[in-house]
Amino acid sequence: MSVNDVPAVRDPSWPERVEIYDTTLRDGSQLEGISLTVDDKLRIAEQLDWLGVDYIEAGWPGANPKDDEFFARAPSELSLDTSTLVAFGSTRRVKGKVDSDDTLRNLLAANTSTVCIVGKSWDYHVLEALNTTLDEGVAMVADSVAFLAADGRNVMYDAEHFFDGYKRNPEFGMRVLEGAVQAGASRLVLCDTNGGTLPNEVERIVAEVVAYFGSDAGVAVHLHDDAGTGVANALAGVRGGAIQVQGTINGYGERTGNCNLTTIIPNLTLKMGIETIPRDRLERLTPVAHHVAELVNMALNPQAAYVGSSAFAHKAGLHVSAIAKRPDAYEHVPPDSVGNGTRFVVSELAGKSTLTLKAKELGISLDGPQLNDLVDTLKRMEHDGYHFEVADASLELLMRRATGWEQRWFEVESFRVITDDDDPLSAPVSAAGVTTEATIKVHVDGERVIATAEGNGPVNALDSALRSALGDRYPALASVHLTDYKVRVLDTARGTGAVTRVLVDSTNGERSWTTIGVSENIIEASWQALYDSLVYGLLLGHGLPDATGGQ
Ligand SMILES: [Zn+2]
């Protein structure tokens with residue numbers, strides 16, 4: 001029992017439950033440096049569903065081919081248990097007709113039960129940007145909502161620049177909302193698009209809108225973080241009566257980002273006593289934050305509230321023994337409530353207790369000396385640049401090896417990789433003229449096999465060569481394939497002499513896993529990650545070989 005296990009008491013004026021609407025895939029991907037493939041998007045959606053958000057805004061159909069592909073593949077490739085997919089679009093054009101409007105037609109074609117459409121709610125934008133009348137501004141929203149609602153869709157209206165507009169011309173802002181409600185919108189999404197509004201203003205304005213519309217439509221808030229108050233504004237919006245908060249994992253978004261869901265969710269749940277994601281899934285928050293960070297290939301800010309690796313890290317100092325005895329006296333919430341852990345600044349992993357828990361979860365039994373050795377090994381490896389928080393499969397293999405287990409499916413004697421470029425100065429982006437060939441020597445079933453294969457890069461060539469050497473001995477390998485390969489240079493000051501961390505994501509169609517390799521040599525780092533990936537795939541497919549070497 002932690003001293004922080006105190007149930008939050010909800011003020012009766014606050015909503016009992018707040019819907020969590022994630023827009024990482026649409027608004028979040030506007031952040032400079034983020035470029036998601038359709039596969040990345042599908043995998044992020046899986047993470048969001050596992051976390052238990054209510055809505056996943058997945059993209060803008062018709063705006064780019066990737067989003068179209070996402071919506072086409074989603075029905076067969078995503079099975080969502082808790083979340084509802086939302087397609088995003090805009091209202092019809094000025095003086096246009098709804099039934100011949102491409103954007104609206106694309107929205108319907110995306111085939112989601114819920115759609116969200118953005119439209120102007122600031123008179124200045126209607127008059128200056130759209131160059132039309134205020135009446136037409138209202139009609140564009142109302143007609144579009146009505147058109148989508150008539151098709152049976154749950155329609156949310158995203159009122160762009162609402163707070164800025166309302167501060168200058170509240171009558172017009174309310175007129176647009178009224179038009180949307182009368183046309184059948186289920187949610188009024190009040191947006192602080194420029195992100196400069198402060199919490200006191202958000203609370204007042206949301207309360208006025210909520211008071212006016214009562215139960216006719218739920219009010220949602222969508223808040224950018226330009227004033228550094230995205231999360232604070234969302235809390236203010238909820239105090240004002242908003243029943244939905246929109247935001248992104250890790251606060252991704254253009255400029256300074258969006259309201260950070262990994263902060264607002266625990267704030268609402270743990271501090272305000274408001275229901276958000278299912279209560280027993282709150283502990284998934286940290287793993288999801290880290291997993292999504294890896295998928296977007298951006299290092300997660302260690303100081304991120306609740307989910308950062310430093311969020312509950314205690315540095316040894318004057319109070320070290322007191323902190324070690326009762327860390328909860330120095331923490332604002334129990335770290336495990338959000339899936340994070342107390343950490344003394346020694347190692348990335350919390351140490352024995354975390355490893356003992358992890359071993360229990362995996363059904364691995366470690367005795368005392370094995371556990372001590374493992375802790376030492378992990379500390380050394382993490383110091384060298386390994387990061388096991390995301391490389392779940394490599395960690396599991398390491399833990400199994402600590403018990404004396406060794407994989408006996410194959411033994412690698414050596415490998416060699418050669419890359420040739422017969423025209424190095426031409427076409428820098430294309431791989432034309434570049435060939436990579438890998439040769440591997442493997443002992444398998446008492447036989448020494450040498451295999452060579454070509455690939456579009458070293459990892460691909462090594463993967464093919466090893467598979468070719470193993471032949472069809474292990475059918476489980478056939479379904480294993482690598483889905484992503486990420487490289488991060490850990491010590492940029494050292495240039496090409498720096499240490500490279502490689503992460504390989506793999507799947508067998510049922511499960512996905514991540515493995516890691518670290519080395520000053522990128523091929524060696526890649527090989528370690530690839531080797532672990534294939535061994536893990538064999539472990540899943542063929543089970544643990546017994547100690548005598550049988551399979
Ligand atoms: Zn936005």
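Give, rounded to the nearest 20 debye, the magnitude of the charge dipole that the chain has about its Cα centre when Lys and Arg contribute +1 at Cβ and Asp and Glu contribute -1 at Cβ.
1040 debye
For region 363-462, what is the accessible area per residue in Å², given a 1.4 Å probe and the full set of protein chains? Mind showing how you got there, number by number?
On the way: 5490 Å² over 100 residues.
It amounts to 55 Å² per residue over region 363-462.
Defining a contact as two alpha carbons under 8 Å apart and six or more residues distant in sequence, what relative contact order in percent does the chain show? Walk me through the numbers before you get to the answer.
Details: 1099 pairs, mean separation 57.3, N = 551.
Relative contact order for the chain comes out at 10 percent.
Per DSSP helix of 4 or more residues, -39500 (n - 2.57); summed, then divided by the residues of the chain. What does that give at 222 nm, rounded to the nearest 500?
So the calculated ellipticity at 222 nm is -11000 deg cm²/dmol.
Specify whether the C-alpha gyration tensor of region 40-138 places it in the rounded, prolate or oblate class, a ≥ b ≥ c being the square roots of the eigenvalues: rounded for a/c under 1.5, otherwise prolate if a/b is larger than b/c and oblate if not.
Numbers: a/c = 2.95, a/b = 2.10, b/c = 1.40.
Prolate, because a/c is 1.5 or more and a/b exceeds b/c.
Have a look at H332, A236, V3 and report the one farthest towards the positive end of the charge dipole of the chain, computed about the Cα centre with Cβ charges (Lys/Arg +1, Asp/Glu -1).
Checking the options against the dipole of the chain, the answer is V3.
Sort out for me the Cα centre separation of region 169-232 from region 72-120, rounded to whole Å.
22 Å
Starting from the exponent 0.38 and prefactor 2.2 Å, build the expected Rg for the chain from its residue count and divide its actual Cα Rg by it. Don't skip to the end; give the middle numbers.
On the way: Rg = 26.5 Å, N = 551, 2.2 N^0.38 = 24.2 Å.
Ratio of Cα Rg to 2.2 N^0.38 Å: 1.10.
Any idea what angle helix 65-77 forms with the longest principal axis of the chain, computed on alpha-carbon atoms, 0 to 90 degrees, nearest 10?
70 degrees
Relative to the longest principal Cα axis of the chain, at what angle does helix 458-470 sit, 0 to 90 degrees, rounded to 10?
Its long axis makes an angle of about 50 degrees.
Using only the Cα atoms of region 153-231, what semi-axes does the equivalent ellipsoid have when each is the square root of 5 times a gyration tensor eigenvalue? Give whole Å, largest first. Walk me through the intermediate numbers first.
Working: eigenvalues 84, 33, 24 Å².
Ellipsoid half-lengths, sorted descending, are 20, 13, 11 Å.
FRET efficiency for K97 and E283, Cβ-Cβ distance as r, R0 = 30 Å, nearest 0.05?
Computed FRET efficiency for K97 and E283 comes out at 0.05.
Ordering K486, K441 from largest to smallest accessible area (1.4 angstrom probe), what's the sequence?
Working: K486 20, K441 70 Å².
Largest accessible area first, the residues go K441, K486.
Karplus couplings for region 395-400 from phi (6.51 cos²θ - 1.76 cosθ + 1.60, θ = phi - 60°), rounded to Hz, Gly and Pro as x?
Per-residue couplings from phi come out as 4, 4, 4, 4, 5, 5 Hz.
Where the Cα atoms of region 16-90 are projected onto their three principal axes, how long is each span, largest first, in whole Å?
For region 16-90, the Cα spread along each principal axis is 38, 28, 24 Å.
Computed from the mean reciprocal separation of all distinct C-alpha pairs, what Kirkwood hydrodynamic radius does region 217-291 have, in Å?
Working: mean 1/r = 0.0799 Å⁻¹.
Every distinct Cα pair counted, the radius reaches 12.5 Å.
If you average the C-alpha positions of region 274-289 and of region 437-495 separately, how far apart do those two centres end up, in angstrom?
With region 274-289 and region 437-495 each reduced to a Cα centre, they are spaced 37 Å.
Need the C-alpha centroid separation for region 1-62 versus region 248-268, integer Å.
8 Å
By the gyration tensor of its Cα atoms, with a ≥ b ≥ c the square roots of the eigenvalues, what is the shape of region 76-133: rounded for a/c under 1.5, prolate for a/b over b/c, or oblate? Please list the in-between numbers first.
Values: a/c = 4.68, a/b = 2.09, b/c = 2.24.
Judged from the Cα gyration tensor, region 76-133 comes out oblate (a/c at least 1.5, b/c at or above a/b).
Suppose the chain between D420 and K66 were pulled fully straight at 0.36 nm per residue; how much longer would it get relative to their current alpha carbon spacing? Before the final figure, lay out each step's value.
On the way: separation 354, 0.36 × 354 = 127.44 nm, distance 3.29 nm.
Extending this stretch completely gives an extra 124.1 nm.
Relative to 2.2 N^0.38 Å, what does the C-alpha radius of gyration of region 194-247 come to as a ratio? Two decimals please. The partial results should precede the final answer.
Working: Rg = 10.3 Å, N = 54, 2.2 N^0.38 = 10.0 Å.
Taking N as the residue count of region 194-247, the ratio is 1.03.
For D216, what accessible surface area do you get with a 1.4 Å probe? Give it in Å², rounded to 10.
Ignoring ligands and nucleic acids, D216 comes out at about 110 Å².
Can you pull the percent of the chain's accessible area that's carbon plus sulfur, 1.4 Å probe, other chains left in place? Mind dumping the intermediate values first?
Numbers: 12060 of 24390 Å².
After summing per-atom areas, the C and S share lands at 49 percent.
Gain in length, A8 to E136, computed as 0.36 nm per residue apart minus the alpha-carbon separation, to one decimal in nm?
On the way: separation 128, 0.36 × 128 = 46.08 nm, distance 4.66 nm.
Answer, rounded to one decimal: 41.4 nm.
May I ask what percent, to the nearest 5, of DSSP beta bridges between residues of the chain are antiparallel?
Counting only bridges with both partners in the chain, antiparallel ones make up about 45 percent.
The values are calculated or read from the model by the stated rules, or taken from the named source; none is laboratory data. This one's a predicted model, so the numbers in the text were calculated from it and none came from an experiment. Here Cβ is always computed from backbone atoms with ideal geometry, including for glycine, and neighbour counts include all displayed protein chains. SASA here: full protein model, heavy atoms, side chains in, ligands and nucleic acids out. Shrake-Rupley method; radii C 1.70, N 1.55, O 1.52, S 1.80 Å.
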